[in-house]
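Only one structure is covered here, and it is reproduced in the block below.
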Amino acid sequence: MTKKPKSKSVLVLHGPNLNLLGTREPGIYGRETLELINRRLLSSAREAGIGLECFQTNHEGVMVDRVQEAGRQGVGFIVLNPAAFTYSSIALRDALTAVQIPFIEVHLSNIHAREPWRAQSHFTAVAVGSILGLGGRGYDLALDYAIARLQSRR
Ligand code: DQA
């Protein structure tokens, strides 16, 4: 069932394998767990009076469904780390353009400084902007922007 719309809310969407943060290739992704990142985001949003939900899935269709639900809920902004779907998921990109919710693409690592195929994101061209290579801090910066944008909307 679709939940009640929240006019000023942010959805943070984490793609596949990001549930392993903390132990997954720490030399690339750092030692911070997803739970710690989410907790920090929830506390910043609460302080700003903005609703926030964090959602992680390893499944493409589930991610598409969550974006569609965000559209029905009236979510105002999405912070998205598509992880490996960055390179493969036209379905997720189409869901984002269908719901017309502005979003920032976040990657913990600098995808331009890694294997050349990692630099080819399906999302960058339809995102408001991208934040790369700043580790978990990238999510905080994206949320700061989202909060300022939602608060300036009356
Ligand atoms: C990532 C970068 C992607 O290339 C990779 O597939 C991920 C994580 C990042 O946050 O740096 O799973 O999106």
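The values are calculated or read from the model by the stated rules, or taken from the named source; none is laboratory data. Note that the coordinates shown come from a computational prediction; the quantities given were computed from them, not determined experimentally. Note that each Cβ is placed from the backbone with ideal geometry, even for glycine, and that neighbours are counted across all protein chains shown.
For residues that are closer than 16 Å to A142 by Cα and without any contact (Cβ under 8 Å) to a residue 60 or more places away in the chain, scanning just segment 27-46, find the one that is nearest to the ligand (Cβ to nearest atom).
Top of the filtered list is L34.
Would you check which residues across segment 63-100 are within 16 Å of the ligand (Cβ to nearest atom) and surrounded by fewer than 15 Cβ atoms within 10 Å (Cβ to Cβ) and list them?
A84, S88, listed by residue number.
Return the residues of segment 102-122 that are of a type in the set (A, V, I, L, M, F, W, C) and assigned to a loop (DSSP other than H, G, I, E, B); say none if nothing qualifies.
Hit for segment 102-122 is L108, nothing else.
May I ask you to say which residue of L42, L36, L52, L13 is under 25 Å from I90 (Cα atoms), hydrophobic (A, V, I, L, M, F, W, C) and surrounded by 12 or more Cβ atoms within 10 Å (Cβ to Cβ)?
Of L42, L36, L52, L13, the one residue that is under 25 Å from I90 (Cα atoms), hydrophobic (A, V, I, L, M, F, W, C) and surrounded by 12 or more Cβ atoms within 10 Å (Cβ to Cβ) is L13.
Return yes when G61 is small (G, A, S), over 14 Å from the mean Cα position of the chain (by Cα) and under 17 Å from H14 (Cα atoms) and no when it is not.
So G61 passes the test.
Would you confirm whether or not segment 112-128 contains a residue that is away from the ligand (no atom under 16 Å from the Cβ) and in contact with a strand residue (DSSP E or B) (Cβ under 7 Å, 6 or more places away or on another chain)?
Yes, that holds for at least one residue.
Would you tally the residues in segment 92-110 being farther than 28 Å from G71 by Cα and not hydroxyl-bearing (S, T, Y)?
1
Could you list, in sequence order, the residues of segment 126-154 that are touching a Lys or Arg at 6+ places or on another chain (Cβ under 9 Å) and without any contact (Cβ under 8 Å) to a residue 60 or more places away in the chain?
Those that are touching a Lys or Arg at 6+ places or on another chain (Cβ under 9 Å) and without any contact (Cβ under 8 Å) to a residue 60 or more places away in the chain: V126, V128, I131.
For segment 123-154, enumerate the residues that are among the small types (G, A, S) and either buried (at least 16 other Cβ atoms within 10 Å of the Cβ) or in a helix (DSSP H, G or I) (or both).
Residues satisfying the conditions are A125, A127, S130, G135, G136, G138, A142, A146, A148.
Can E60 be described as among the acidic types (D, E), in contact with a Phe, Trp or Tyr (Cβ under 9 Å, 6 or more places away or on another chain), at pLDDT 95 or above and buried (at least 20 other Cβ atoms within 10 Å of the Cβ)?
no
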